[in-house]
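Beneath this line is the structure, given in structure tokens, with notes to follow.
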Amino acid sequence: SSVLNFETNVVSTIYLTVTNSIGGLVNNEGTTVFYEPTTISVEATADLGYLFSSWNDEQGNSQSSANPYNFDLNKDQILIATFEPDLSDSDQDGLTLYDEVIVYGSDPNQSAHRSIQQITNITQTKPN
């Protein structure tokens, strides 16, 4: 059933826009129109080298750090999934996962020495 505004005799519409910042993806990206208040669930997936941070509104205000985020939608809303660098070093090679994957483009499953050596070789063989 739709919500009817008796003063204007127009069915209410509620717009939800879901998007992401650099570092990951969201399910149901884009704008969806609803004709009545409803309960929504959105989920973000971080790219390798990033961690999910929060759901923000269009002004950058954090709405939730839950992922997935379940909420009652009763007005137009824009949600932006934000991500931050993954500073973990699970292989204890001295480089964060973000540095290995994003900065150096190396394989986080290799040792730091070998990864840095590969980067040095690539740098030395660059044409002028």
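See the values below:
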read-out: Scope region 42-77; condition assigned to a strand (DSSP E or B), farther than 30 Å from Asn109 by Cβ and open to solvent by 60 Å² or more (accessible area, probe 1.4 Å); matching residues; value: Ser62, Gln63, Asn70, Asp72
read-out: Members of region 87-126 that are open to solvent by 70 Å² or more (accessible area, probe 1.4 Å), modelled with pLDDT under 85 and within 27 Å of the chain's Cα centre (by Cα); value: Asn109
read-out: Pairs, first within 23 Å of Glu100 (Cβ to Cβ) and hydroxyl-bearing (Ser, Thr, Tyr) in region 67-85, second assigned to a strand (DSSP E or B) and open to solvent by less than 60 Å² (accessible area, probe 1.4 Å), C-beta under 6 Å, six or more apart; value: Thr82/Ser53; Thr82/Ser54; Thr82/Asn56
read-out: Pairs where the first residue, in region 12-28, is under 11 Å from Lys75 (Cα atoms) and the second is assigned to a loop (DSSP other than H, G, I, E, B) and of a type in the set (S, T, N, Q), C-beta under 9 Å, 6+ apart; value: Ser12/Ser2; Ile14/Asn74; Leu16/Asn28
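The values are calculated or read from the model by the stated rules, or taken from the named source; none is laboratory data. What you see is a predicted model, and the numbers here were worked out from it, not measured in a lab. Don't worry about glycine lacking a Cβ; one is built from the backbone with ideal geometry, like all the others, and counts go over all protein chains shown. What goes into the accessible areas is simple: the full protein's heavy atoms, side chains included, and nothing from ligands, DNA or RNA. Shrake-Rupley method; radii C 1.70, N 1.55, O 1.52, S 1.80 Å.
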